[in-house]
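Heads up: the structure comes next, in structure tokens.
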Amino acid sequence: MKKVSLIKIAILILSISILSSCSKNYSFNYNIEDKSGVTVEVTLFEYNKDGEKIANHHFVAHKGLLKTFKAKSETEKVKVLINFSTEENPQSASDYLQNNIKRWCAQVYYLKRGKTVNIIIDETTFSLGQEP
């Protein structure tokens with residue numbers, strides 16, 4: 001009886017370790033100096049093998065921020081969009097456009113099962129606003 005229980009426990013532990021090694025994870029590290037009066041909003045988009053957006057994560061960033069995400073099983077790649085804004089309550093659409101700058105990270109991050117991909121954002125990681 002004890003042998004059967006030990007075998008069941010061993011199988012359970014093995015199953016859990018196999019499933020966790022099959023997951024796709026990524027971390028996000030923001031390393032740009034904070035500017036007074038500037039809000040930094042980040043959106044991480046997950047894409048499947050057909051290039052369709054299947055998930056996103058949206059949050060406010062600050063220097064030193066480190067977050068880890070578990071991607072959907074069908075996620076193949078991650079793209080990063082960052083919005084820098086300087087006005088909390090714009091009075092008009094033109095105020096919003098003048099005070100918001102959206103930048104795509106130039107790098108596309110491809111995920112691998114069982115490995116954590118590190119997304120590190122610094123001053124060198126932006127394109128000119130076009131999606132990669």
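Since every read-out is calculated from the coordinates, none of them should be taken as a lab result. Just so it is clear, the model here is predicted, and its values are computed rather than measured. With ideal geometry, Cβ positions are generated from the backbone for all residues, glycine too; neighbour counts draw on all protein chains shown.
Computed values, structure above
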| read-out | value |
| --- | --- |
| Likely footprinting exposure, V38, V78, V117, fewest C-beta neighbours within 10 Å first | V38, V117, V78 |
| Long-range amide H partners of E76 with built H, under 5 Å | Y47, N48, K49 |
| Neighbour net charge for E76 - beta-carbon separation under 12 angstrom, K R +1, D E -1 | +4 |
| Those residues of segment 60-85 whose amide nitrogen sits under 16 Å from the label point placed on N118, 7 Å along Cα→Cβ | 64-69 |
| Filter on K70/K112; K49/K102; K49/K72 - keep pairs with C-alpha separation over 21 Å | K49/K102 |
| Residues whose placed amide H lies under 5 Å from that of D34, excluding near-sequence neighbours | K63 |
| Net length gained if the chain between N31 and Y109 were fully extended (0.36 nm per residue, minus Cα distance) | 26.4 nm |
